[in-house]
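First the structure, in the form of structure tokens, and then the observations on it.
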Amino acid sequence: MGVFNELKERGMLAQCTNEQEVEKLLNEGKVTFYIGFDPTADSLHVGHFLQMMVMARMQRAGHVPIAIMGGGTGMIGDPSGKSDMRKMMTKETIQHNVDCFVKQMSRFIDFSDGKAYIVNNADWLMDLNYIEFIRDIGVHFTVNRMLAAECYKSRYERGLTFLEFNYMLMQGYDFYKLNQDYGCTLELGGDDQWSNIIAGVELIRRKAGKDAYGMTFKLLTNSEGKKMGKTENGAVWLDPEKTSPYEFFQYWRNVGDGDVINCMKLLTFMSLEEIACYEKAEGSEINKAKEVLAYELTKLIHGEEEADKALSAARALFENGGISENMPTTELTDADFVDGTIRVTDILVKAGLAPSKGEAKRLITQGGVMINDQKVTSFDATVDISKFDGDVIIKKGKKIYHKIVKA
């Protein structure tokens, strides 16, 4: 099965500029393609991971990926899917984020010996002469077509800055530049990038007289159409310092029953034949499928050792009701105690189980917090320092466990 058909069979494809031509292109030779990543944070998240899996599959099929780090476009911010303008970042912050992205991406893509490239669009965008750029590139874009694009249309009534209005020109120019310098003929991205991708395809045709193509992939959503990769504490990050391997494992272990197979197809290297064995799973077999999904993804992101630890901890907690040495642990010091006690709300915040004391109080009020199997009924509740001579296990909701120890 060719890579185009595999992507299609896995349910990844959303739109394509010319499906027959792209399929032929990918099946008959080596194609240089690119995906862009704007460095808006210091870590990639699971939404990015879907794009990286596409890159990895394409590379395994013999094609050449280019990962563009948006050091230039990140200075503006993509309005696609945003109700407000993105927060402006300094050059230093952007460069730090780019460095973090490159390190994480190198786990999945082989950048040695010209097998793939990482480039930064700051290298050509930051030194552009604005008048020359508008005369040379802007002349190929019409305002009425740009405003019809979904990425701008949704923002037009709320207020679209001219700064953001330039974004499409910048991304279109990226594709043109890569076409000239690397022979790149295909741009890939999430389906929210369709308008920007089309802009690049048309710019290459008009300015260089060459054929270029675009292909988008479905966004990572659940069966209800809501974006996946978000928790009460924010995004599910690939950086273990921001989302621990155990928390990462638990996120996938707890996905909805209707989302397991789709996530296996989109986010793992499991074969379609192997995945098919789980498609008719019911009852306890669904939980087995979730465990497999969580293990495979944790192994891909954090390595086999961390995946084994997370699996061991999860089984001890959910199957045996036991305490695992691999359970996420927070260490308290004497400074955390006042008159020999510590408030439960302070424990929740320190352990990262609640983003604020207000949220911690809400969890307690709703009956969602237990300490050593005892429900916490008052948001003023405290734990005496003597309790920490043994294990103190705090439970949030039905599935999140955390060990609290004293140094």
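Values in this text are rule-based calculations from the coordinates and carry no lab data. All values derive from a computational prediction rather than experimental measurement. Every residue, glycine among them, receives a Cβ derived from its backbone with ideal geometry; neighbour counts consider all protein chains shown.
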- request: Return the percentage of antiparallel bridges among DSSP beta bridges fully within the stretch 332-407, rounded to the nearest 5 %.
  value: 95 percent
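What 222 nm value per residue comes from the helices of the chain, counting each DSSP H run with n ≥ 4 as -39,500 (n - 2.57) and dividing by all residues, nearest 500 deg cm²/dmol?
-13000 deg cm²/dmol
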Exposure proxy order (Cβ contacts within 10 Å, fewest to most) of CYS16, CYS277, CYS263: CYS277, CYS16, CYS263
- prompt: Using r as the Cβ-Cβ distance of SER386 and GLU359, and R0 as 22 Å, what FRET efficiency do you calculate, to the nearest 0.05?
  reply: 0.20
message: Pick from ILE68, ILE275, ILE131 the residue whose mean-square fluctuation is largest in a GNM of the chain, springs joining Cα atoms under 10 Å.
response: ILE131
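What pairs from LYS177/LYS218; LYS230/LYS350; LYS8/LYS280; LYS218/LYS265; LYS103/LYS299 go past 24 Å between their alpha carbons? Write out the running numbers ahead of the final one.
Values: LYS177/LYS218 26 Å; LYS230/LYS350 20 Å; LYS8/LYS280 21 Å; LYS218/LYS265 12 Å; LYS103/LYS299 17 Å.
LYS177/LYS218, as the Cα separations exceed 24 Å there.
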task: Evaluate E = 1/(1 + (r/R0)^6) for ASP181 and LYS226, where r is the Cβ-Cβ distance and R0 equals 30 Å; express this FRET efficiency to the nearest 0.05.
output: 0.15
task: Using DSSP, restrict attention to beta bridges with both residues in the chain and report what percent are antiparallel, rounded to the nearest 5.
output: 50 percent
task: Once you've got the GNM for the chain with C-alpha springs shorter than 10 Å, pick whichever of ALA276, ALA41, ALA116 has the biggest mean-square fluctuation.
output: ALA276
field: Candidate values [x] 43, 32, 20; [y] 42, 29, 23; [z] 44, 26, 18, label of the one derived for semi-axes √(5λ) of the Cα gyration tensor in Å
entry: [z]
